[in-house]
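Heads up, the thing below is written out as structure tokens.
Bear in mind that the values in this text are calculations on the coordinates, not laboratory data. Because the structure is a prediction, the values reported are computed rather than measured. Cβ coordinates were reconstructed from backbone atoms using ideal geometry, including for glycine residues, and neighbour counts include every protein chain displayed.
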Amino acid sequence: MQGLFDRRKNPLGAWIGIALVAVALAVLPFALSGIGTAWVRITNLAILFVLLSLGLNIVVGFAGLLDLGYIAFYAVGAYVYALLASPHFNLHLPFWIILPLGAAVACLFGVLLGAPTLKLRGDYLAIVTLGFGEIIRIFLNNLSQPVNLTNGPQGITLIDPFRIGSFNFATRETIGGLDFTGPVKYYYLLVLLVIVIIGINLRLQNSRIGRAWEAIREDEVAARAMGINTRNMKLLAFAMGASFGGVSGGVFAATQGFISPESFVLVESIMVLSMVVLGGMGNVFGVILGALLLSFVPEVLRYTVEPVQRALFGRMLIEPEVIRMLLFGLALVLMMLYRPAGILPSALRKRELEAK
Amino acid sequence: MSAAGPSQGANDSPSGGSAAAELANEAASVGAHQRASPPLALLTAKGINKRFGGVHALSDVSFTINHGEIYGLIGPNGAGKTSLFNVLTGIYSADGGEFTFDGLPLAGLKPNDVAKRGIARTFQNIRLFANLSALENVMIGRHVRTHANVLGAILRDAKTLDEERAIERRAHELIEYVGVAKRANTLAKHLAYGDQRRLEIARALATEPKLLALDEPAAGMNATETASLRSLLGNIRRDGTTILLIEHDMKLVMSVCDRVLVLDYGKRIAEGTAADVQKDPKVIAAYLGGNVTLDLEGAA
């Protein structure tokens, strides 16, 4: 997959590959609309999870810091957007101000989490980050009194969609004879965002900074002895990961139009972490694959489990939701047994280096 | 020197060219040192103490390492050699005493600051970045002498790209210098034991140290590997880097070290040329036991 995009070695092949992917990405929402608009929404959510996984990959995959509270940054980004672009405070700032602001606030929270946990690793760090994630959610749940900041468990409704001038991302429109529904417009925005973030990830990985993170992941004592300021580098990893989470949260709030603390529970953190681990920690393309698989497969199951059971047994024996979790657990167990480094482990990069 | 080093090796020719460039480059830096006529001492340790609970791991250890020498540090197991390394490189903080390195005190510096000041080390139980390639390991060593930040990494401006190329070039030179060039793209954990030891030295050299501290580099090596390590140490010294060497292989110590410090139970029991130390009755007693009186007050 990476060979196909290697511009140095095979420029023509690379451009043809990129062109093919671009065409596929451009056509995809219309093809999906054919099956049902729901699938465009599902795709958008899947891309959001790709964004989240790529952010978490910086913390877990590159720097090796096990973070079980990552969804908190998603929540921070989402609430920053929701509070500044909804009737709740009657603020309606444009998204190109709020998204960077959300990223910055999430980044701040990342440092807030990172600073006290600098000396922790592995299980201990996981427990603290898990607690952090829960603290954020509980705050969101309870900050409706004495001042109604977050509107508590009811969440925030009527969140503004993205608007650029008179162009509204939520409304249906016909441009050049093509029917653009709201989700289709958001789809293109998300694809653009995901391409930017993939680019940032790849460039960070193959840089002085990325190597320093990997050194910390491999051996912190040796990394420090080699002159790497592990404190700053770890904080940087937390901050970068968190700000990606913040951006994704903002987009989530805008696409959904409604958020509540319920969207940011621990299971979501675990889900994102599973995407990173399943796909291949530290490998950007592996992580993308993991996120897409874990987003789409459950949805496919949702639509197939019931009819299949009815066809086989004449009635439904097991709820789709139960089968989903069963298969999910089974997949993780099998992965850990047979491909502990993930579907696309990061050693792929090594082979790429050798081929050069 | 961070800019000068790589640019001198700009010719991408294999071994001969880059090794020569390396030499010229190191020689230039040595020359600079001599012109400035620095004091003879590179590192001075004064009354270093370190306790772990009731164990007095280091008591009142003092010594001086001069520019350009290979200084040996020997002693029986548990004598405090590695503790001394860890205090020197900032992994432990000393309970008393002070190191002066290149004219300035090292007190209270973190390991990464110590590395920045110019002391690089290897570890007794090899601590490479196991899941990264040999080349990447050495490239990480360049971290402390390079400057690219997040913005540079993301935008890949001309300066960052130049720096990145220089890092890679220098890493190739160093990996060649220690003789692991053929394995540049092998993961560190898949390297042969001797190659791992040498790679660790290359990684340490990448930080441009003034003092290279090696913790048992010959441990587990066979005779051939030790011989090639000996010549590598000779080359490193010749190219202008001072070496502090912990080693149990006495043949190696006696053949490469200019002076040797002997520790036993955290105390300095002897110092001198390899030949002198070998004959010292206290050293013999420490290594072989025996009833030579341990009049340690007299030794200091």
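Can you tell me which aspartates and glutamates have their Cα less than 15 Å from the Cα of A:Lys234? Leave out same-chain residues fewer than eight positions away. Candidates past the 8-residue exclusion: A:Asp67, A:Glu214, A:Glu218, A:Asp219, A:Glu220. Span-like helix criteria (full DSSP H runs; alpha carbon extent of at least 18 Å along the helix axis; mean Kyte-Doolittle hydropathy of at least 0.5) are satisfied in chain A by A:11-35, A:37-56, A:71-84, A:95-114, A:122-142, A:182-205, A:230-256, A:266-279, A:284-313, A:320-338. When peptides B:218-226, A:272-280, A:19-27 are sorted by average Cβ neighbour count within 10 Å, with the highest value leading, the order is A:272-280, B:218-226, A:19-27.
Mean partner shielding of peptide B:112-118, defined as the number of other chain Cβ atoms within 10 Å of each residue Cβ, is 4.
Taking amide hydrogens as placed 1.01 Å from N in the peptide plane, the amide H of B:Leu42 sits under 5 Å from those of B:Ile65, B:Asn66, B:His67, each at least 5 positions away in sequence or on another chain.
Look at the stretch A:209-221: the mean tally of other chain Cβ atoms within 10 Å of its residues' Cβ atoms is 5. Judged by the ratio a/c of the largest to the smallest principal axis of the C-alpha gyration tensor, chain A counts as rounded, that ratio being less than 1.5. Computed extension gain for A:Asn90 through A:Lys119, at 0.36 nm per residue and net of the alpha carbon distance, reaches 6.2 nm.
Approximating the spin labels as points 7 Å out from Cα along Cα→Cβ, the A:Asn10-to-A:Arg302 distance works out to 3.7 nm. Take A:73-83, A:47-57, A:30-40 and order them by the average number of nearby Cβ atoms within 10 Å per residue, most first; the result is A:73-83, A:47-57, A:30-40.
Antiparallel beta bridges, as assigned by DSSP with both residues in the protein assembly as shown, represent about 65 percent of the total such bridges.
Peptide packing: for A:181-187, A:95-101, the average count of neighbouring Cβ atoms within 10 Å per residue gives the ranking A:181-187, A:95-101, highest mean first. Here B:Lys50 is the anchor, and the lysines within straight C-alpha reach of less than 28 Å, apart from those fewer than 8 places off in the same chain, are A:Lys119, B:Lys81, B:Lys110, B:Lys116, B:Lys210, B:Lys267, B:Lys282. Decide, for the protein assembly as shown, between rounded, prolate and oblate: order the square roots of the alpha carbon gyration tensor eigenvalues as a ≥ b ≥ c, take rounded if a/c falls under 1.5, and otherwise choose prolate if a/b is larger than b/c, else oblate. Because a/c hits 1.5 or more and a/b exceeds b/c, the protein assembly as shown counts as prolate. Let a ≥ b ≥ c be the square roots of the eigenvalues of the Cα gyration tensor of the stretch A:220-274; is it rounded (a/c under 1.5), or, if not, prolate (a/b larger than b/c) or oblate? Prolate, because a/c is 1.5 or more and a/b exceeds b/c. Counts of other chain beta carbons within 10 angstrom of each beta carbon in peptide B:79-91 average 1.
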